[in-house]
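Engineer: I have a structure here, written as structure tokens, and I will follow up with some questions on it.
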């Protein structure tokens, strides 16, 4: 047990609930620079790689063969391998070196060479590199939509909200594998209700995932896991060639494919072969490129706590993201699985991808509460939407999400729940009741949903999967039951699969600005944004993606933002007729207390920031002065709004040399003649904490100062959150006071009041 109270308190902090370990290279528990990592090398003979990272072709494992024969650009390989890694690192971080030149050389690098390049870079340099190497210019985000009950109405409503909030992709998964067809269906219908063009997938076993895609229920896949050692591949019941074949099968059906990899998976499986996590990930990425995948979700993903337990683990995650972008892969950069108990730590980790921007900043932002996230809990979830929107607004960064209003969200959630209700009814599935629709509309989690007959749902899902019913049947039902717009969106996703345009690298859909439909049709006006027509051309300030114009206006307009005028409206009321100006203020000749008020007092403003009426505040102060047997005069200072000056002017007019300075927002000072302006007897800056009893105590203390008696300072509660909560209102109230400044001498006021 700690003897130090401070260390005992620190031990209870969230960060200290986590596990931290020292590196152990022999077990693969090292993020980078394992002493067992191979040194970069490459030899080519007769157009064939015969040595790769210190291993001759006779000793190649399956990954070496696949990488050597299909991943490396041999036309650039000799130049790339001969270029010093430090030089390549500087080219990567140099804003004056175009992306294409770096990528040309990266295509010729072996796994060990790629890692050696990264070794020379710090986190800031890697962030610059990621901003430059990102494949698509426009950043985006992906959402996870699941729920513990696997309730179709809630899945559809949450998917619709995620689409409305701007997510370009939505991924679901299952608690019970047999629910996959219905989960995929609910998310498809919900997403296309929220916004046409959102890509959806269901993360399940790969052959089942392909069946769902062939029924038209999904439009992309990223469950094709690859590993950095041969044994890990074998335990995954796969090889690089089988992954490539499966990727081709998806693509042949017009389904976009990303592979999944990430630091730590091989160590977790016990097959790291004493290599560092980053070196093994470099191998994974070259396999991904060689297999022809459009991209990768990497960033440790579900293994994130493992690299984070080690030194430079978060740096390693950024490094693997950067390596993927260097190789021209679309990259969904993690930030999905719960990464830390500490809000500080998980937000700091996010910034490495959030600030430079990536193709998908999260490979699954949980658009549902954490308990409902079947992917193992989200790093950021539905309760963090407002925080995410404010971060975008704070930094003028596009995080792929947009603010929404409650009314618009409720309307969209209800329509999505009604749409899936109609589909279930039209296809003969177990009915979704009106009660379930309403619960999904207004609910937050599956705890808010009525229970369903799970046995009946599973039996119906089995029949649906085995039947010939698919996307066209769903479209037909939606069309016939009054959901023509949703039907058009679902059908358009099928048409886009036939066209195959979104099989371009890093493709997402965007609505054509200013257009809702293709003229003469009911089709949504969508266009593909990809590396082909939206290439990232960042080369420093003034280039690349810039958050500006309509999109910047959209992200600024968070629902919490109010007009500045709203902050001062509550402090403006009818002026009290008990306060009357009676003429210029004169110096006093007897013991007294002056109460000097600011130029907006009982005029431009009538209440303090704490909501106290000026008349009540004055009455409390004067009552306090009277408690000590003295009288007070009230003087209004017109030519300044500065509290110190107001107090000093009052003190110079006071017969006792003591004055109370009072700004209209309630900030108060007890001043004494002869003291410098910024010196005083007592200062009360915490105006929101001042009560009428406090003001009465201030009056008593001022009178005691005037009578030259010993005085114990008035105690005021310190509210450390007041500045954070009220600084905007403070600024606006002071601006209001300052606007009332006039070129007039201080005036004495008569106050018709009754002592308590």
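Quick note: the coordinates plus some simple rules give every number you see, no bench work behind them. Keep in mind the model is a prediction, meaning the values are calculated, not measured. Backbone-built Cβ (ideal geometry, glycine too); neighbour counts: all protein chains shown.
Engineer: If the label point is 7 Å along Cα→Cβ of residue 750, which residues in the range 610-625 have backbone nitrogen under 20 Å from it?
Structural biologist: Once the point is set 7 Å along Cα→Cβ of residue 750, 615-616, 618-619, 622-623 turn out to lie under 20 Å by backbone N, inside the range 610-625.
Engineer: For the range 536-680, how big is the tail of P(r) above 18 Å, as a whole percent of Cα pairs? Show your work: numbers first, answer last.
Structural biologist: Working: 6689 of 10440 pairs.
Of all Cα-Cα pairs in the range 536-680, 64 percent lie more than 18 Å apart.
Engineer: Over the C-alpha atoms of the chain, what are the Rg and the largest Cα-to-Cα span, Dmax, in Å?
Structural biologist: 33.5, 109
Engineer: If I take R0 = 45 Å and measure r between the Cβ atoms of residue 96 and residue 431 in this structure, what FRET efficiency does the formula 1/(1 + (r/R0)^6) give, to the nearest 0.05? Intermediate values should be presented prior to the final figure.
Structural biologist: Values: r = 63 Å, r/R0 = 1.41.
After rounding, the FRET efficiency stands at 0.10.
Engineer: Counting only C-alpha contacts under 8 Å and six or more residues apart, can you give the relative contact order of the chain as a whole percent?
Structural biologist: Numbers: 1623 pairs, mean separation 100.4, N = 756.
So the answer I get is 13 percent.
Engineer: Further, regarding this structure: What is the gain in length, in nm to one decimal, between residue 104 and residue 4 on full extension, counting 0.36 nm per residue of separation less the C-alpha to C-alpha distance? Walk me through the intermediate numbers first.
Structural biologist: Details: separation 100, 0.36 × 100 = 36.00 nm, distance 5.72 nm.
Answer, rounded to one decimal: 30.3 nm.
Engineer: A further question on this structure: Ranked highest first by average number of other Cβ atoms within 10 Å, how do 727-737, 264-274 line up? Intermediate values should be presented prior to the final figure.
Structural biologist: Values: 727-737: 17.6, 264-274: 20.9.
So the order, starting with the most tightly packed, is 264-274, 727-737.
Engineer: Additional query: If the label point is 7 Å along Cα→Cβ of residue 708, which residues in the range 668-696 have backbone nitrogen under 15 Å from it?
Structural biologist: The answer is 673.
Engineer: What nm value, rounded to one decimal, do you get for the distance between residue 511 and residue 371 when each label is placed 7 Å out toward the C-beta?
Structural biologist: 3.5 nm
Engineer: Sorting check: for 2-14, 423-435, 560-572, 610-622, which peptide has the highest mean count of neighbouring beta carbons within 10 Å, and how do the rest follow? Before the final figure, lay out the partial values.
Structural biologist: Numbers: 2-14: 9.8, 423-435: 16.6, 560-572: 12.5, 610-622: 20.5.
In descending order of packing, they fall as 610-622, 423-435, 560-572, 2-14.
Engineer: Separate question: Testing the spin-label approximation: label points 7 Å from Cα along Cα→Cβ at residue 245 and residue 616. State their distance in nm.
Structural biologist: My value for the distance between the label points is 8.0 nm.
Engineer: What whole number of Å gives the distance from the Cα centroid of the range 371-414 to the Cα centroid of the range 704-756?
Structural biologist: 41 Å
Engineer: What share of all Cα pairs of the range 23-119, in percent, falls into each consecutive 10 Å distance bin?
Structural biologist: 15, 44, 31, 10, 0
Engineer: Can you show me the helix-derived [θ] at 222 nm for the chain, built from DSSP H runs with n ≥ 4 at -39,500 (n - 2.57) apiece and divided by the number of residues, rounded to the nearest 500. Could the numbers behind the result be given before it?
Structural biologist: Values: 29 runs with 319 residues, N = 756.
It lands at -13000 deg cm²/dmol.
Engineer: Order of 520-526, 305-311, 135-141 by packing, highest average Cβ count within 10 Å first?
Structural biologist: Working: 520-526: 15.3, 305-311: 20.6, 135-141: 24.1.
Ranked by mean Cβ neighbours within 10 Å, highest first: 135-141, 305-311, 520-526.
Engineer: Now, a different point. Mind giving me the FRET efficiency for residue 343 and residue 566? R0 is 30 Å, r the Cβ-Cβ distance, nearest 0.05 is fine.
Structural biologist: Numbers: r = 30 Å, r/R0 = 0.99.
About 0.50, to the nearest 0.05.
Engineer: Report, as a whole number in µm² per second, the diffusion coefficient that Stokes-Einstein gives for the range 560-631 at 10 °C and 1.306 mPa s using the Kirkwood radius over alpha carbon pairs.
Structural biologist: Details: Rh = 14.4 Å.
Calculated translational D: 111 µm²/s.
Engineer: What's log10 of I(q)/I(0) for the range 377-525 at q = 0.11 Å⁻¹, Debye sum over Cα points only, no solvent?
Structural biologist: Here log10 of I(q) over I(0) equals -0.63.
Engineer: When DSSP assigns beta bridges and you keep just the ones with both residues in the chain, what percent turn out antiparallel, to the nearest 5?
Structural biologist: Expressed as a percentage, antiparallel bridges in the chain total about 50.
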